[in-house]
Amino acid sequence: MFDSLSGPMRMLLSRVAFLLVGALVGLGLYALDVGGILAVPLAVVGVLAAGELYLFAVAETA
C-alpha cells in the first residue's frame, strides 16, 4: 500500500510516523520519570531530526 502512494505523500506519512514515534518515546520517558516534562518535546525533536537525516540519506542513495 505504501508503494502505491505518490512521492510527496510517502514523505508526509514518513514524517508523521517519525512524529508519532517521537511522541510515544517522550511519553514513555515521561511515564518512567526520566527527564520530567521536557522529555516529550526533546524526544519528538530528537526523533524528527534523526528521521530527517535518515530520509536524506535514503534519498541520496536512490
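Read the figures in this text as sums done on the coordinates, not as results from a lab. Remember, predicted model here, so these are calculated numbers, not experimental data.
What the table shows:
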| quantity | calculated |
| --- | --- |
| The chain: proportion of alpha-carbon pairs further apart than 20 angstrom, % | 36 percent |
| ³J(HN,Hα), Karplus 6.51/-1.76/1.60, whole Hz, each residue of region 25-30, x for Gly, Pro | 5, x, 5, x, 5, 5 |
| Helix-only [θ]222 nm of the chain, DSSP H runs n ≥ 4, -39500 (n - 2.57) each, per residue, nearest 500 | -27500 deg cm²/dmol |
